[in-house]
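Since every read-out is calculated from the coordinates, none of them should be taken as a lab result. From a predicted model like this one, the values you see are computed outputs, not experimental measurements. Every residue, glycine among them, receives a Cβ derived from its backbone with ideal geometry; neighbour counts consider all protein chains shown.
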Amino acid sequence: MNNLALYCKSYRKDFLRLKQLLASIKTHNADQIPFYISTPEDQYAELVKVVGAGSYQWISDESILAANERAPVGIEKTKPGSFSQQVIKSEFWRLGLCLNYVCLDSDCIFIQDFRKSDFLANDGNPYTVIYQNKEYFQLAVNRGHGKAPENLRAEGDRVKAIFKREGPNYYCPCPPFIWSAKVWESLDQEYLKPRNITFWDLCTQEHPETLLYLEALLNFRAIPLYPIEQLFRVYYYDWHYFLLRRLGESTAKLKENYLGVIYQSSWDLSLDYGGSQKSIVSRALKKLKRVGRYLQSWV
């Protein structure tokens, strides 16, 4: 069993982004940390066609789901795809392939060399990305986008209440996540099993997997808490990207503080595999709104 692995759960729409991520890993993976990719089994052939093969280890989403014997068979087919993706990423530990894993999304891009020491402390336990996100919250408020921080605070309050913890909210809203199998197992053994439920019951749109992991760590203390800040620069929205770039941010400068960058696929649609399914009118309106947000960044 590896002490550390890289893992990305992907699907057809993100295969071009995944190809870009894989290229960055090939270039910057200084310690040759093993990289696992999971997709639905019926998308494997297309994955190889678009991304290629040989520089990663593929596993099926179905094998991850089957590793939890308590989960109802076929439950993923009754849930929205975005929700099933959260559960699959969180259940990867059950395969026993590694003690810790760096969970990546397809829209992640490494911009400089990385090593195991970027993710693991000297005693072999992982660092935990955990912070209050005040910088982004304040920036969003300053620019008139206060709804996003309000939603994140509400999520934090709801998940914190599950574990009856009082105090400040902590976040790690975007990858890479450095996750320990011990933490996920502690959640399973100490919370889920005694209540005769599975992660499918606990993880919902109101209770995202990222916050459940952090609260499980804080509550059950399965590993020491070694806090670090976000490893990648995340451009949450297009207005966020336009504003920071206008202020002089660039990929070269990001290397001072970050291992990589994320242009979130929710707003950067340029690498959607298969093209957009939306109408011409809808696409034109979206582009017009984006131009407006770009112009707003100069105000």
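Quick notes on this one:
- Remark: R143 falls outside the filter, which requires a residue to be out of contact with any Lys or Arg (no Cβ under 9 Å at 6 or more places or on another chain), within 30 Å of N196 (Cβ to Cβ) and not β-branched (V, I, T).
- Where a residue in segment 152-163 is under 19 Å from F137 (Cα atoms) and its partner, wherever it lies, is surrounded by 19 or more Cβ atoms within 10 Å (Cβ to Cβ) and of a type in the set (F, W, Y), with Cβ under 8 Å and at least six apart: L152/Y171; G156/Y170; G156/Y171
- For segment 134-187, residues that are in a loop (DSSP other than H, G, I, E, B) and under 23 Å from V102 (Cα atoms) total 7.
- Counting only residues that are among the small types (G, A, S) and farther than 20 Å from S117 by Cα, segment 12-42 holds 2 of them.
- Odd one out for D42, checked against (1) free of Cβ contacts under 8 Å to residues at least 24 places away in the same chain; (2) acidic (D, E); (3) outside any helix (DSSP H, G or I): (3)
Quick grid of which residues meet (1) buried (at least 16 other Cβ atoms within 10 Å of the Cβ); (2) within 30 Å of R195 (Cα to Cα):
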| position | (1), (2) |
| --- | --- |
| L22 | yes, no |
| T27 | no, no |
| I33 | yes, no |
| A45 | no, no |
| G54 | no, no |
| E69 | no, yes |
| S84 | yes, yes |
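- Scanning segment 236-274 for residues that are outside any loop (DSSP other than H, G, I, E, B), surrounded by 15 or more Cβ atoms within 10 Å (Cβ to Cβ) and either hydroxyl-bearing (S, T, Y) or in contact with a His (Cβ under 6 Å, 6 or more places away or on another chain) (or both) returns Y241, Y263.
- Cβ-Cβ under 8 Å pairs, at least 6 apart or on other chains, segment 54-68 side in contact (Cβ under 8 Å) with a residue 60 or more places away in the chain, far side surrounded by 15 or more Cβ atoms within 10 Å (Cβ to Cβ) and outside any loop (DSSP other than H, G, I, E, B): N68/E91; N68/R94; N68/F199
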